[in-house]
Each structure stands twice: as C-alpha cells, then as structure tokens.
1. What tally of residues in the stretch A:14-27 results from selecting those that are surrounded by 11 or more Cβ atoms within 10 Å (Cβ to Cβ) and at pLDDT below 75?
2. Among the numbered conditions (1) crowded, with 17+ Cβ neighbours inside 10 Å; (2) touching a residue at least 24 places away in the same chain (Cβ under 8 Å), tell me where residue B:146 comes up short.
3. Which residue is surrounded by the fewest Cβ atoms within 10 Å (Cβ to Cβ), if the candidates are limited to the stretch B:129-142 and must be more than 7 Å from chain A (Cβ to nearest Cβ) and modelled with pLDDT under 85?
4. Could you please let me know if residue B:275 is out of contact with any strand residue (DSSP E or B) (no Cβ under 6 Å at 6 or more places or on another chain), part of a loop (DSSP other than H, G, I, E, B) and in contact (Cβ under 8 Å) with a residue 40 or more places away in the chain?
5. Would you point out the residue of the stretch B:156-189, among those that are within 17 Å of residue A:276 (Cβ to Cβ) and within 13 Å of another protein chain (Cβ to nearest Cβ), that is farthest from the chain's Cα centre (by Cα)?
6. Confirm whether residue A:163 is assigned to a helix (DSSP H, G or I), over 26 Å from the mean Cα position of the chain (by Cα), more than 8 Å from chain B (Cβ to nearest Cβ) and of a type in the set (Val, Ile, Thr).
7. Might you let me know whether the stretch A:309-328 holds any residue that is farther than 23 Å from residue A:53 by Cβ and either in contact (Cβ under 8 Å) with a residue 12 or more places away in the chain or of a type in the set (Gly, Ala, Ser) (or both)?
8. Can you confirm whether residue B:116 is within 30 Å of residue A:65 (Cα to Cα), out of contact with any helix residue (DSSP H, G or I) (no Cβ under 6 Å at 6 or more places or on another chain), aliphatic (A, V, I, L, M) and free of Cβ contacts under 8 Å to residues at least 24 places away in the same chain?
Amino acid sequence: MAGAAGLTGRLTPVRTGFTGAAKPNCYKLLISVVVLFSYIIRRLFQSIFVLLGVSLIVFMLVQLAGDPVLIMLSGTGATEADLQELRAELGLDDPLPIQYLRYLADVARGDLGKSLRSKQPALSLVLNRLPATAQLATLAMLMAMVVAVPLGILSAVRRNTWVDHAATLLASLGQAIPLYWLGIMLVLFFSVELRWFPPGGSGSWRHLVLPVFTLGLYPMARITRLLRASLLDTLQEDYTRTARSKGLHERAVVTKHALRNAVLPVVTVVGLMFGALLGGAVITETIFAWPGVGSLTIEAIQNRDYPLVLAAVFVLSVVFIAINLFVDLLYVYIDPRIRYR
Amino acid sequence: MTNQPTAIHPSLVTASRPARWRALGRNLWRNQAGPLGMIVVALLIFMAVAAPLLAPHDPTDQDLKLRLLPPAWIEAGDWAYPLGTDHLGRDILSRVIFGARVSLLVGFSSVFFAVIIGTILGLLAGYHGGWLDDGISRVIDIQLAIPYFLLAVALIVVLGSSLPILIFVLVLYGWTVYARLVRAQTYSVRGRDYVTAATAVGASTNRLLARHILPNMISIILVIATLELATMIIFEAGLSFLGLGVQPPTPSWGGMLADGRDYIAAGIWWPSMFPGLAITLTALAINLAGDWLRDLWDPRKSQ
C-alpha cells in the first residue's frame, strides 16, 4: 500500500499538468487498478499466512493429544519394540519441524487424518456435515440482519423515543441470554408446550425455525446496537449536515449519506461475528440434534476421537478465514476509498 | 428556572406531557439501570462468598426420594426446596447459589489475567514497534481467525478439564482484546508532547509506560474488562454445558443446564430454568454496569 501511495504522489503533478480530461482519467484508472490489485493480493497473502498459523496450532494440538501409536495399538498387546517400529514407519521419530512440514503436505492434499472410530478420512466426514452447518449459520445471520438493520436505523433516527428504548432493551437482553439456555427454553415453550415446532432433527423448514432463532438472536442484538451507534456517529458528520443543508429529504440524507458510511464498521463486525456464530453452532446443533459439523464435533469429543475434533476445528477455521477474506474484498465495492487511496 | 420569566428554558416550552414522561423513562433507564446492574453484581459476589451461609441445603446432598420436586409455589412443591430439586434430588436453590462461585471465580480470574497479559503485550508492541509488534500482531491475527469456541473445545479435549485449564483457555481467548486496544492507544500517544517531554527529562521506558502512558487507558480497559466479564461467564457456562467445564459434583450453572436439559421433553422446566436465569441476570447486570461506566467515562458521552 505504501508503494501505491508513493505512486499516486509522483503522478499527481503529471495529472495537473494536463488540461485535457481523457488522459488524467486514464492514469487515475490505472492507479486505482494497481491499488486494488495490491490490496487484493496483500489480503490473499495475509489469509494464507493466517491459515499457516491455524495449521501450526492444530498441529501442536495433535502433538498434545498424545502418542498416536499408543492410541492405535492400545489393547493389542504390542511390545515396546513394536511401538518403536510403528513410530519409525509413521515418521513419528523425526524432529517436530519435519513432522510439521509433512503434516502441511498432508493438509495440502486434503488429508486431515482418519477418524479413530469409523476409520474414515476425517476431512470427508466433516465436509459431509458442512452444508447443514452452513445452512444454519447463513439463515441465522440473515435473520439477524433482516431484523437488526431496520431496528438499528429506526432507533438511531428516532433516538430516545419508545422505539429506541424497546430496541435497546431487546438488544441488552439478546446479548445477555446465553444461546444454550435460549435453545432449551424455546424447545420447552414451542415444542413441548405448544407443539408448534419439532424439538430437534432436520428435514423441513419447521426444523429450522428454533435453531435459526437460537443462533441468530445474539448477532441480531449486536448488529442492532452497533448499527445504531455507528449511524448516530455518521448522522453528526459534516457531510450529513451538508446533505441536510442543501435541502435533501431526511430519508435521502439517512439512506444515501449517513447509512452508507455507517454500514462499513458493521460489515467488518458481521464478518468477525461469523466466528462466534460457528462456535455457537456447536452448541445449537447439539441442542436441536442438527446434523452439522457442530454435533459431529461433540460426538467426536464424547468418543475421544481427536483427529476428527481437530479436523472439524481446522475446516471451520478455514471457512471463517474465507468469510473474512470475502468481507474484506467486499469492501472494495462498498468503500470506494480503497479503490482511490 | 420558573422564577425567571425572561429566560424560559426551551425544554419547558416544547416539552409536552408525554415528552416529559419519556424523559423520565429515559433517565430511569439510562441512570438507574447502570447502578442497578452494579448492585446486582455486588449481590452476586456476596452470594458467591457467603454461599454456605445462604444456601438452605448442601448443594451436593442427594435424596432420590425427593427427585424432580417442583418449585414451592406449585402444588406438590415443598418450601424446604423453594426452587424444587433436580434429577438426583438436590436442592436447586442451593446449587444456583453455589454455582455463582464457579462462574464468578472463573470469570473474574480469567479477565484479571487476560487484562494483565494483554496490557503488557499491548504496551510492548505499541511502544517498541518493530519485530516485537509484528510478532504480537500476527499472533493476534491468527487467533482472531479461529472460531475460538471451537479452539477452546479442542484445547480442553486435549488437555483435560480442570479449573486452572478452564481459566487458561479463557485467558488465551481474552488477552487479544486488551492487547489490540492498548497497542493502538500506545502507538497513538507515542509521539505526543507529554511523552516526548517525559523522555527528555530522562524517564526510563518502564516509568514512561507505567506513569505516563498506561494511566490514560485505565478507564477504557476497565470498561472493556467489565463487558468481557459477561462474555467469560457465558463462555464458561457454555463449556460446562457441553461437559467440558468444571466437573460434577461441583455445582456450575452450565452443568446444571446440561443436566436439566434431559427433562425438558417431559415438561420438567425448573432444573434448567433457574440456572439459565442466573446466567442471564448476571450477564445483563454486568453489561448494564459496563455500559454505564463507559458513558460515565467517555468524554464524548455518546450513545
């Protein structure tokens, strides 16, 4: 980015030197394309770096999980010599950095080890369950936004009215209610008492209602508060005053000027919140017996199936990194400053 | 104000009756909710400390003849067990009271260590910059890229579950918040005049950080720490709910919820209702207190 900024600085005099309009625009376009690409490439490298960090953490966890040879040969009456032989065969007596590189090569080939219980590749077990988790998390985030965006705007624009107070109360509660309790209480009222929705399982839209609401309430509360605060800030900015003073309708001032800027920090947090959402999915899926990665993880924990647990952590981390990469690239569209920096 | 007819306050002219009611409601919400939250937190701490004196029963005392007794106000309830009993015939009220110990102990100690570690690393990174800053910032980047609840689950599965490990896992989660905050703040005041002046008169780096840079951030750190306390308590109860927290028979709110969950299908709601209420009330009180502190200390008084 520093190089790109230098480029802009050097080219500025050239631009002012031209009186025609076509050429400077050409330069501007070139510069913005260069800036854009350097941003995207830098962001991609950052993601790869973070991915390496995650793999290192998971590798360390694998090491901490104990000697796989002992787990594999436990109860077979193997002698110490057998153990040594198997260790040498699997390369477990190599230095740790070598083992890590080998692990990386395995990961790159899509090999995250085998489930201790089912003996199937851990990665495919996790990937089979991924669509269900993706569906749950996406719908929860969607629900959160559909409610939070109008509510956040309304409570900022109608600040200190009853709408604002109701929204604040709702958001405070939504942030305080832990989702594991919320899920249980929803089952109690809507499945056991009212029998409106099934208490768990999957198959129809009715199975989705309770888990989606359980998972979506917290992001809903967070986004409402965040958007309200952010919009209150931008509503006080000079450009908003300018828009008002040139006689724009209040609706246009809010939607076209204040909101567009207020949305930026919210988008970043929505991306980061997916992390909490994927973590929350573990609990939500357990409560509602939803066949996703989360319930798979908990089953794996109960079976002490370490490779499967770590594969699930790894895959969900990759999903999360990808989401945040996507959000940052989305910024190119919603924040023109990145293009013209 | 009313004695001076020449200078009528604008609000008296414009404020209609409902508006005044609204203003009162606003004041109550804004100004009373925060202190109320503080009081509730103080009561919870008292409850945790004085648990053996307050609890009517031993929280681990089982009596299978009295299992799943409903709360006292329901028919078949017994005032000896005001909130009913769980599946092993243990008094739910006593378990909720004792459960505050685990939640608050884990919550406070994890926030405490996270603040210390995060602040020190943030100061170092922000003040010295260079490779130290790069290293710490990259570690934070990586950690923020992992859905932490899952990492915590994996860590506990691998390391085993105990109180110290629980706190360790939460500190590992929490320190990044303070490190990022303190790093950014330190970085931004590094070139200020008062810092330059302190350096010029020969203040050592440690003195500079401790006496000139850190005091400016204490209030914001405290506010964040308060709000994080609620997160930690919810986090801990979530781990306990999955059976990864404090192990039975030690009563914890998350563990009680997990036990009670099995009886929901039969319409037996009290074993899971009360610990959940306790967690929610605690988190709500802490958040209200934290928001209040923020408004008090934030010079912009926004939000």
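The values are calculated or read from the model by the stated rules, or taken from the named source; none is laboratory data. The shown structure was predicted, so the numbers you read here are calculated from the model rather than taken from an experiment. Cβ sites come from the backbone with ideal geometry, for glycine too, and all protein chains shown count toward neighbours.
1. 6
2. Exception for residue B:146: condition (2).
3. B:130
4. no
5. Result: B:180.
6. yes
7. Taking the stretch A:309-328 first, the residues farther than 23 Å from residue A:53 by Cβ are none.
No: the stretch A:309-328 contains no residue that is farther than 23 Å from residue A:53 by Cβ and either in contact (Cβ under 8 Å) with a residue 12 or more places away in the chain or of a type in the set (Gly, Ala, Ser) (or both).
8. Numbers: within 30 Å of residue A:65 (Cα to Cα): yes; out of contact with any helix residue (DSSP H, G or I) (no Cβ under 6 Å at 6 or more places or on another chain): yes; aliphatic (A, V, I, L, M): yes; free of Cβ contacts under 8 Å to residues at least 24 places away in the same chain: yes.
In short, yes.
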